[in-house]
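Report on the following structure.
The values are calculated or read from the model by the stated rules, or taken from the named source; none is laboratory data. Quick caveat: nothing in here was measured; it's all calculated off a predicted structure. All Cβ positions, even for glycine, are placed from backbone atoms using ideal geometry, and neighbour counts span all protein chains on display. Note: areas computed on protein heavy atoms with side chains; ligands, DNA, RNA excluded. Shrake-Rupley method; radii C 1.70, N 1.55, O 1.52, S 1.80 Å.
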Amino acid sequence: METLSYETVINAPLQKVWDILWGPETYTEWTQYFSPGSKITSDWKVGGKTYFTNQEGEGMVSTIDSIDEPHQVIFKHLGMVDKEGNEDTQSKEVMEWSGSFEKYILIDFDGKTKLHTEVQTEKDWKDHLDEGFKKGLEVVKRLAEQ
């Protein structure tokens with residue numbers, strides 16, 4: 001498992017950046033580089049359920065390990081979900097990465113926001129995630145600075 005990290009300074013307040021990251025319309029816009037039509041469905045509770053899905057409804061099932069809006073949220077990935085909503089948290093493939101974290105940390109930087117993201121991943125996904133985060137965070141910055 002490898003940890004990838006990304007950082008950008010955005011000329012906007014913390015709450016605006018948070019809202020861009022997790023708002024339904026803007027989430028779909030900045031995550032298009034991971035998978036077109038991506039969406040997040042969450043109860044926004046520690047230990048609750050969060051789903052990261054593509055336009056077909058397939059994706060990952062996760063939980064929130066820690067949240068302090070608008071300063072940070074840490075997701076712990078648990079497994080996969082298929083388009084029928086069936087969760088796989090026990091297969092051999094899933095067990096190889098289950099428990100990996102995805103972190104979003106927002107720091108007030110004299111009225112600007114420093115957005116730091118980290119994701120743990122298998123080597124096979126490194127290039128895909130690199131492209132997704134680099135292009136996606138440019139979109140977050142552009143939307144927040146408008």
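Worth pointing out:
- Anisotropy class assigned to segment 40-118 is prolate, per the alpha carbon gyration tensor with a/c at or over the 1.5 cut-off and a/b larger than b/c.
- Sulfur and carbon atoms: percent of accessible area, segment 1-76 [1.4 Å]: 49 percent
- Computed accessible area, residue 77, all protein chains, 1.4 angstrom probe, square angstrom: 10 Å²
- Kirkwood's formula applied to the C-alpha pairs of the chain gives a hydrodynamic radius of 15.5 angstrom.
- Straight-line cross-link reach from residue 112 at under 18 Å between alpha-carbon atoms covers these lysines, not counting any fewer than eight positions away in the same chain: 16, 141.
- 222 nm mean residue ellipticity, helices alone, for the chain (DSSP H n ≥ 4; -39,500 (n - 2.57); rounded to 500): -8000 deg cm²/dmol
- Only Lys, Arg (+1) and Asp, Glu (-1) charged, at Cβ; segment 1-115 dipole about Cα centre in debye: 240 debye
- Anisotropy class of segment 1-40 from Cα gyration tensor, a/c 1.5 cut: oblate
- Signed unit charges on C-beta, dipole axis of the chain, positive-most listed residue 35, 64, 117: 117
- Low-density loop cleavage sites - GluC sites (Glu not before Pro) in segment 40-146, where at most 11 other Cβ are within 10 Å (DSSP): 56, 84, 96
- Length-normalised contact order for segment 1-113 - Cα pairs under 8 Å, 6+ apart - percent: 23 percent
- Span from the segment 22-63 Cα centroid across to the segment 98-113 one, whole angstrom: 17 Å
- Signed unit charges on C-beta, dipole axis of the chain, positive-most listed residue 44, 85, 107: 107
- Whole-number percent relative contact order across segment 66-146, with pairs defined as alpha carbons under 8 Å at least 6 apart: 22 percent
- Using a probe of 1.4 angstrom and keeping all protein chains present, the accessible surface of the chain works out to 54 square angstrom per residue.
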